[in-house]
Amino acid sequence: MTALVNSTGVICELVGLVLMVSLLFTHAQRGPSVVLNTTGLGGHAGYFVPLLVSSLMAAYVLVGFDSAGELSEETHKPRATAPRTIIRAVVVSGVGGAFLIVAALMAAPSLTDGKLASSGLPYVLTSRLGTLPGKLLLLDVALAVCVCTLAIQTATSRMIFSMSRDKVLPLSVVLSRVATRTGTPVLPIVVSGVLAALLLGVNLGNPGLFLALTSVCIMLLYIAYLMVTVPQLFKRLRGGLPSGGLDENGRALFSLGRWGVPVNAVAVLYGILMVVNLAWPRSEVYDPAGQGWYLQYCAEIVLALVLMSGVLTFLLLRKNYFASIGHSPAAAKADRPIATVIPAPELG
């Protein structure tokens, strides 16, 4: 059912994207050269600071490849399918997003009245296409958001279940149970939904805090990516990673070949830059309304809390974890690969 809903949502999202871009281009008020309009940009910083801030949107979008990887178990031949799916997801998101941004800038009634910055795409759609067509397209956007939420909740519940199965979360015994009737880990699904709803409730009383938390979540994701790409790079430099497996004809299912090291190095560099960019305590990003210093430094506060809770959890649960896998800490460190949902050989 989840796969059916996801496929339907993706189709609706792609159709909606094509319709939005096409309709906005037909209602353009200015040419594509609008992307070179500096709107009076000045100051000693030049273009660097505005481009750094605008890159945050791309940083948010790029994490969408996560869903393609996390749900790869439901595909046929995931070691061959998932990498190519991730590449297609990033390319389509980048190209489609670029066309949509250019089309919206070309069709926007004004670039200087402040409405484009405050209301964004909904303002452009409803003002240029009319209220009814604009809201119908926005309904398609809402459907896409719901489908993305469902995919992320699926991945989150799976992560909670797999980490509980490895006994590295509090209440692991309860969270790792599988329902007899449905064959699914019901409690992790409920927990992920309830926690998401509670965070969404923050938006009702303090939208500034919600904005800061969403930015911090992306920063934490990039730190998690670095925990994969950095060891990968060291492994490649020491002699390469094992292949991702061979098909029935003896050909590699997926391989970067000679591009492995440079692509991996770029991934590490990009990840470090994005973590710094997202964590930088700028009031324009984290506290545009001037609500308090705690919002401006929200990234640093949350990161410190996450690190402390992680260390505390490790100290409390490490004995149970090593006992569950039948190894001493030293032996486990030497010979046990870290794997949760997908077995270690599949991670090659």
Open item on the list: Return the residues of the stretch 254-292 that are assigned to a helix (DSSP H, G or I) and among the small types (Gly, Ala, Ser); say none if nothing qualifies.
Closed with: Gly257, Gly260, Ala265, Ala267, Gly271, Ala279, Ser283
TODO: Give the residues of the stretch 157-197 that are under 21 Å from Val147 (Cα atoms), without any contact (Cβ under 8 Å) to a residue 40 or more places away in the chain and not hydrophobic (A, V, I, L, M, F, W, C), sorted by residue number.
DONE: Ser157, Thr184, Pro185, Pro188, Ser192
TODO: Go over the candidates Ala68, Ala80 one by one and state the one that is in contact with a helix residue (DSSP H, G or I) (Cβ under 6 Å, 6 or more places away or on another chain), surrounded by 14 or more Cβ atoms within 10 Å (Cβ to Cβ) and at pLDDT below 80.
DONE: Ala68
Open item on the list: Can you tell me which residue is farthest from Ile152 (Cα to Cα) among those in the stretch 172-205 that are among the hydroxyl-bearing types (Ser, Thr, Tyr) and assigned to a helix (DSSP H, G or I)?
Closed with: Ser172
Open item on the list: Can you find, within the stretch 23-36, the residue that is farthest from Ser110 (Cα to Cα) among those that are part of a helix (DSSP H, G or I) and touching a residue at least 60 places away in the same chain (Cβ under 8 Å)?
Closed with: Leu23
Task: Residue list for the stretch 96-133, filter: at negative phi, small (Gly, Ala, Ser) and without any contact (Cβ under 8 Å) to a residue 24 or more places away in the chain - done: Ala98, Ser110, Ala117, Ser118, Ser119, Ser127
Open item on the list: One residue is enough: does the stretch 143-155 have a residue meeting the conditions over 26 Å from Ser54 (Cα atoms) and either among the polar types (S, T, N, Q) or at pLDDT 85 or above (or both)?
Closed with: yes
Open item on the list: Looking only at the stretch 215-239, how many residues end up being within 21 Å of the chain's Cα centre (by Cα) and either in contact (Cβ under 8 Å) with a residue 24 or more places away in the chain or in the same structural domain as Met159 (by TED's automatic domain parsing) (or both)?
Closed with: 13
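The values are calculated or read from the model by the stated rules, or taken from the named source; none is laboratory data. Note that the structure is predicted; figures quoted are calculated from it, not measured. Note that each Cβ is placed from the backbone with ideal geometry, even for glycine, and that neighbours are counted across all protein chains shown.
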